[in-house]
Structures are given as C-alpha cells and as structure tokens.
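These notes concern the structure reproduced below.
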Amino acid sequence: MMGPLDVVTAGLLSATTASVCGGALVRGRTPVATTTWRQKWLGTGVCGLLAIVVPWWVAGRLALGLVGAALVAGVALASRRLTPLGRWVFAGSAVTQLLVAAFWLVCAWSGDAGPVADPVTWGIAVVSAVACLLALPNTVIEDYLAREVQLRATWSRPRRLTPADRRFDGPLISVQVPTYAEPPELVRATLDALAAQEYRAFEVVVIDNNTADELLWRPVQEHCRSLGPRFRFLHVDGVTGAKAGALNLVLRHTAPEAELIAVVDADYQAQPDFLSSLAGQFDDPRTGYVQTRHDYRDYRDRWDGAYLRGCYWEYRQPYAAYLVSRNEYNTALTTGTMCVVRRSTLEAVGGWAEWCATEDSELAVRMLAAGYGGRYVNQTLGRGLIPATFAGHRSQRHRWIRGPVQELRHHWRRYLPRRWATPSSLTTGQKLLLAHHGLRPAVQSVANSAVWLLALALVVAPWFPSHSAVPATAAVALLTAKAASGWTLLRAQRFASDCTARDLAAATLARLSLQRVTWAAGLSGLLGRGHAWGRTAKFAVRPTGWRSALEARAELYEGVVLALVCVVGLCAWRGNAVIGLALVTVLQRATTWLAAPLQALLADRALRVQREGDGTSTLVPDNEPVATAR
C-alpha cells in the first residue's frame, strides 16, 4: 500500500524529470516560438513518458510512477497560456513547490506515529511546513511571472514600441526632474539630454527640494537659464514627503496646458526619442501611465567590474520578465523614472503618495483601481547610474522592498473578494497580482525567519534522542527537485535578460547579497516601522579596502553564526534525514548572507580601479562639495 510519503517522493521525482527534460529541450537563449510543432509535441511526449518511468525505476512500483506523472500532467494541462514544452517546465517547478510543502506537512502531521519520532525532528518538520505553506501561493505566482517570457509564444498586449508609434508633436508634456543634494555636473548632463528631445511640445521643470548647500543647486539654476525658456528651476526648502512631496509641489507650477507628466530622475540621461516614442501611447483616453525599462550606463564588462556588471544584470531581470508578464495582465507598475502619466488622471486619484517609500508603484494601484490602464514598454529610452557602493545598493533595495509592503497595508481592502472589498474597478486577476506585489516580500520575510528556529533546533539536537523513519530517498528527491527547479529558473532568467553565463553568475551573486536586506525591509514594512527617507548618493567615494565588508556587517556576523551552527550540527548528525535537510537549509542561508560582504568587497575593488584611472568614473570628482544626507 502506498503511503503519503511514497506519493510525495514519486511526485518529486516526476517533477524533477519534467524540469530537467523540458528545460533541456527549451534552449536557454532560443525563443520557444521558433521550435517546430514536431519538436514541441515530441518533447512533450518524452517528458510525459520519463515522468512515469523515473519514479517507477527508483521506487520499483509502476503505480507510483503513474501517480507522480499525473500530478505534473495536471498542472501542465492547467497552464494553457504556455507552449506544450513550457507547460512541463512550469509544472515541474510548481509541483516541486507544492510537494515540498506536502513533504513537511506529512512529516509534521504524522508525529510520533509516523515518519518522525522525536521532538527536535518533529519541531523542524512543523516549522518547515508552516514556512512552506505560508510562502507557497506567492512562490508559485512569482515563479510563473519569472518564467512566462521564456515559456510563452503569443501575447495579447504589445510589449515593445514600433516606428509608427513615434510622433514629433502633440500634447504638451511637462518633464519633471526632482533633485536633492545632487552633483551639479550630473544634473546638467541630464538636462542637456532633455534639451535634445526630438519631440517639440515639452517643458522641463527642475524641483530642487531641501538642498541646503547653494554650491549644489545654484549651478543647476544657471544652467536652466542658459537652456532657454522651456527650462524652469524651482528651489524650495521645507518640503515634506521626500520625492513625492516635491512632485506634488511642482504640479502647482506646471504649465496649465500640459496634459502629460514625465518623471526623470536626476541621474537619468534620456534618449532623444524618449518623449516622441511615448506621446502617442495616450491616444486611448483610458491610458493612465506608461513605464519604460530602467537601464544603466557605464558598467564594466571585466572581472574587476564584477560588482557593476552583477548589479546591472540583477536590475535587468525583473524588467525583462516580471514586468513584461504583469503588463500582459494590465497590472504594469510605474517605477519612478522614465515614465509618463496623464496629468488629469494623476490629479483625479489624489497625486503622489507622500506616506509611501515607493510612491511610483503605489500610484499605479490607485490608477488601476479607478479604471485606468497602464502599459510597460520593455525598451531602453534612457540610462541612469548604478550605486557605486554596496551600502548605496543595499539602502536602495530596502526602499524598494519596504514600499510595496506599505502599499499592501494601505490598500489591502481593495484586494478582497468583491463582496467585502472597497469598491473599485479592479478585476480578480488584477487584485491577485497587485496583492502579490506587496505580499511577496512580506510573506517571504516571515517565512525566512524560520531559519533561526531551524538553527536553534540544530544546536539543541545533540541533547535529544534522534529518530526518524523518513527514508533518504525522499530527502534526496526533495533536494534534487529543488535543484532542478532552480536550474530551469536560471535558464529562464538568462533567456529573458539575454545575458551570458558569466553575467548571470554575477547577477546571481548580486541578488543573493541583497537577500537579508530584503528580509529586513519586508519585516519593517509589515510591522509599520518608521524609516528615514533617503536617496541614492551619487558623489564619488574613496575605496576603504577590507573595511568595506563591514558595510554588510549584519550579514557577515549572522552568516558566520549560521555557518558555525552548521558545523556543530554536522558534527552531531546521526544520519537523521530531516535534520540533514535542516542542515542544508541553514547552510544555504549562511552562504546567502555571506554573499553580501563579498559583494561589498567587489564594489570597493571597482572603486579602486576607477580611482587608479582604469576606466571612466561616472561620478563627480572628490573635490565637489558634499551635502548633508537626508
């Protein structure tokens, strides 16, 4: 008779087979749409057959192979928007997420009567089950959004602009450039790029808020005068609400006839076709906003530039996949710069939210709730700067993660089923994806906190008897399925970003280095903790050598502690499969945490190379005055 753990193991083996087989047939940098129908259906048949054979061969029972394959096939059939091969790849990943939670649930539910039979092992199973079940819905949604670009062949909404979209005249666009304590040369370059726009009907308003040092804002004011009457400069003290407060204030100084508002950050140099490419997108009166891809300049393509290259490709991945998929379901987000919004819609929904760290994506929520649509364009129309230090990159990510959780706390009633929800124009799909945007960091932060409970269990485990009937086969099947899912996800990221394997490795390191700050920011937003407003510093900084690793001191200290826990746990390990899985989880988290000081050292190395003159620095010289940070 098949037990629950046997079924879970069979399902994990089938999921692994589907992931590996489907992932191998879906070439990493080749669009799925280019494969022939024979390749698609032959590959589908091979995946289905192997999903039966592998569990049968490992477990020795045909019934287990059929059950495992049926689980994967059921999810594959439900993924109707994907290609035949794509369905198997996604199904393998989704079933893996589902069965990992089921594995821990079976272990926890069985208690002393089943697979686990001692308090420490049972405690590990309970903690892991709760964490997996809590994260499961958001993990599956996130996984689908990350893979859809690779695994889908046809789209209903346009993702890129065409030459026919360009126009050189139309409604007046007010380009607003908020600044605070920025290097003058940096802002002047931004304004020069805007002066070269091929679109004719536009104005530029620079709003400098709260910069105390006149040596920083006076040169920008003079430069605006030199560029002519369409450039205006406002310096205002006492502005509250950070960037959102400045953008709300500048609305009162915008030309009355301006119908569209473009937002450009102080470091972004827009291409000449920025405005001309987007003006025509507002012919539809229900379009509230259009967002273009964030892109960056002056990153190095060498190993001594691994930090900048890693940041660049880590930034690229969500814009190449996550936002493309959201655009398909009319839940595109505004992301702060290189975007255009309809002025009347902006004013109708109440302007920019001064309470939110991500006033940009929060605006999209209110516009969509009011019945307006948005669009994300996966094209580069301007480039900004990557933070020069890991501390700057870390601080920036804290804002980007904390903000969506604040949005969730503020707007959660909009996302409820219609019977209980705040009245809005949001569809069920929009509610799901908008809620996911805030739930993802919040839930993951709570779930990831479980690693400390697992670490505690490993420390006390030697003082308790260790008994577990969980077979090693089940544990190995779980780890193999997770590894296969991770491999296909990396291939999907490489496809969407169109990067090399070396770029992907650098991006993966950059992403891992930000996991702890993502965890902390999610908890901060969830608990409603206040946090000082901030912005990414763009002044040149000096390299500090090994001391730069202390920019990630929290990650360094906690990573070392978790690594020591793994050493203690490994020395006392008696072959218990459940405790072995806990060891792997804690070791994985220790490795992730220690990626942060490594990334900080790589950032310092890039600064040292710039300072020695090997390459061109994108920052201003050290002798520029430095303003007080907000």
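Show me 439-452, 341-354, 259-272 ranked by packing, highest mean number of other Cβ atoms within 10 Å first.
Values: 439-452: 20.5, 341-354: 18.4, 259-272: 22.2.
Answer by packing, highest mean first, reads 259-272, 439-452, 341-354.
Along the charge dipole of segment 110-248, pointing to its positive end and built from +1/-1 on Cβ of Lys, Arg, Asp and Glu, which listed residue (233, 123, 215) has its Cα farthest out?
It is 233.
Can you tell me the order of 566-574, 467-475 when each peptide is scored by its average per-residue count of other Cβ atoms within 10 angstrom, highest first?
Details: 566-574: 15.0, 467-475: 18.0.
Per-residue Cβ counts within 10 Å, averaged per peptide and sorted highest first, yield 467-475, 566-574.
Can you pull the percent of the chain's accessible area that's carbon plus sulfur, 1.4 Å probe, other chains left in place?
Values: 15700 of 25870 Å².
Heavy-atom surface of the chain belonging to carbon and sulfur, 1.4 Å probe: 61 percent.
So, counting K/R as plus one and D/E as minus one, what does the shell of residues with Cβ under 10 Å around residue 247 add up to? Let's see the in-between values first.
Working: positive: 243; negative: 354, 359, 360.
That works out to -2.
If the convex hull of the alpha-carbon atoms of segment 186-265 is projected onto planes in all directions, what is the mean projected area in square nanometres? Spell out each step's value before the answer.
Values: hull surface 21.5 nm².
Projected over every direction and averaged, the Cα hull of segment 186-265 covers 5.4 nm².
How large is log10 I(q)/I(0) at q = 0.12, 0.23 Å⁻¹ when the Debye formula is applied to the Cα atoms of segment 348-436, each weighted equally and without solvent?
Listed by q, the Debye log ratios stand at -0.46, -1.20.
Among residues other than residue 172 whose Cβ falls under 15 Å from its Cβ, what is the net charge (Lys/Arg +1, Asp/Glu -1)? Intermediate results must be reported in sequence, preceding the final value.
Numbers: positive: 167, 200, 230, 232, 342, 343; negative: 169, 203, 257, 259.
Once positives and negatives cancel, what remains is +2.
With no solvent and one equal point scatterer placed on each C-alpha of the chain, evaluate the Debye formula and give log10 I(q)/I(0) for q = 0.10, 0.12 Å⁻¹, two decimals.
Taken in order of the listed q values, log10 I(q)/I(0) reads -0.97, -1.32.
Based on DSSP H runs of at least 4 residues, each adding -39500 (n - 2.57), what is the mean residue ellipticity at 222 nm of the chain after dividing by all its residues, to the nearest 500 deg cm²/dmol? Mind dumping the intermediate values first?
Numbers: 21 runs with 357 residues, N = 630.
Helix contribution divided over all residues of the chain: -19000 deg cm²/dmol.
Relative to the compact globular guide of 2.2 N^0.38 Å, what is the alpha carbon radius of gyration of segment 406-563, as a ratio? Walk me through the numbers before you get to the answer.
Values: Rg = 21.0 Å, N = 158, 2.2 N^0.38 = 15.1 Å.
My calculation over the Cα atoms of segment 406-563 gives 1.39.
Ignoring ligands, DNA and RNA, what accessible area per residue does segment 384-514 give at 1.4 Å, in Å²?
43
At what distance in nm do the modelled label points of residue 159 and residue 189 sit from each other, each positioned 7 Å from its Cα along Cα→Cβ?
Distance between label points: 3.1 nm.
Where does helix 428-448 land angle-wise versus the long Cα axis of the chain, in degrees 0 to 90, nearest 10?
On a 0 to 90 degree scale, this one is about 70.
What is the calculated FRET efficiency for residue 379 to residue 214, with r their C-beta to C-beta distance and R₀ = 35 Å, to the nearest 0.05? If you can, show how the numbers build up before the last one.
On the way: r = 39 Å, r/R0 = 1.10.
In this case the efficiency is close to 0.35.
Along the principal axes of its C-alpha atoms, what lengths does segment 170-222 span, in descending order and rounded to whole Å?
Cα spread of segment 170-222 along its principal axes, largest to smallest: 38, 18, 14 Å.
Suppose a student asked you for the relative contact order of segment 533-613, using Cα pairs under 8 Å spaced at least 6 residues apart; what percent would you report?
Values: 65 pairs, mean separation 39.6, N = 81.
Worked out over segment 533-613, it gives 49 percent.
With r defined as the distance between the Cβ atoms of residue 547 and residue 419 and R0 fixed at 41 Å, what FRET efficiency is calculated, to the nearest 0.05? Intermediate values should be presented prior to the final figure.
Details: r = 57 Å, r/R0 = 1.40.
Calculated transfer efficiency: 0.10.
If you average the sequence gap of Cα pairs under 8 Å that are 6 or more apart and divide by the length of segment 96-180, what percent do you get for the contact order?
Details: 36 pairs, mean separation 21.1, N = 85.
So the answer I get is 25 percent.
Using Stokes-Einstein with the Kirkwood hydrodynamic radius over Cα pairs, what translational diffusion coefficient do you get for segment 158-304 at 37 °C and a viscosity of 0.692 mPa s, in µm²/s rounded to a whole number? Mind dumping the intermediate values first?
Working: Rh = 16.3 Å.
After rounding, the answer is 201 µm²/s.
Could you size up the charge dipole of segment 415-526 around its Cα centre, putting +1 on the beta carbon of Lys and Arg and -1 on that of Asp and Glu, and report it in debye to the nearest 20?
On the way: 10 positive and 2 negative charges, 59 e Å.
Computed about the Cα centre, the dipole is about 280 debye.
Quick check: with the 1.4 Å probe, what order do 586, 541 take by accessible area, largest first? Could you put the intermediate results ahead of the total?
On the way: 586 0, 541 60 Å².
Listed by decreasing accessible area, they come as 541, 586.
Could you compute how fast segment 542-591 diffuses translationally, taking Rh as the Kirkwood radius over C-alpha pairs and applying Stokes-Einstein at 25 °C with viscosity 0.890 mPa s? Give it in µm² per second.
Working: Rh = 12.2 Å.
Answer from the Stokes-Einstein relation: 201 µm²/s.
Report, in debye and to the nearest 20, how large the dipole of segment 132-283 comes out about its Cα centre when Lys and Arg carry +1 and Asp and Glu carry -1 on their Cβ.
On the way: 15 positive and 21 negative charges, 92 e Å.
Using only the charged Cβ atoms, the result is roughly 440 debye.
Among 467, 479, 518, whose Cα projects farthest towards the positive end of the dipole of segment 455-545, with charges put on the beta-carbon of Lys, Arg (+1) and Asp, Glu (-1)?
Positive-end residue among those listed: 518.
Placing +1 on the Cβ of each Lys and Arg and -1 on the Cβ of each Asp and Glu in segment 225-286, which of 285, 270, 258 has its Cα farthest towards the positive end of the resulting dipole?
258
Express in Å², to the nearest 10, the accessible area of residue 141 obtained by rolling a 1.4 Å probe over the protein heavy atoms while all chains stay in place.
The value for residue 141 is about 40 Å².
Using the Cα centre as the reference, give the magnitude of the dipole from point charges on the C-beta atoms of the chain (Lys, Arg: +1; Asp, Glu: -1; all else neutral), rounded to the nearest 20 debye.
1400
Between residue 469 and residue 452, what is the label-to-label distance in nm when each label sits 7 Å out along the Cα-to-Cβ direction?
It works out to 3.5 nm between the two label points.
Fully extended, how many nm does the chain gain between residue 221 and residue 166 (0.36 nm per residue separation, minus their Cα-Cα distance)? Provide the component values of the computation, followed by the final result.
Numbers: separation 55, 0.36 × 55 = 19.80 nm, distance 3.12 nm.
Full extension of this stretch gives 16.7 nm more.
The values are calculated or read from the model by the stated rules, or taken from the named source; none is laboratory data. Please read all numbers here as calculations on a predicted model, not as lab measurements. Glycine gets a Cβ as well: all are built from the backbone with ideal geometry, and neighbour counts include every protein chain shown. Note: accessible area is taken over every heavy atom of the protein model, side chains too, but ligands, DNA and RNA are not part of it. Shrake-Rupley method; radii C 1.70, N 1.55, O 1.52, S 1.80 Å.
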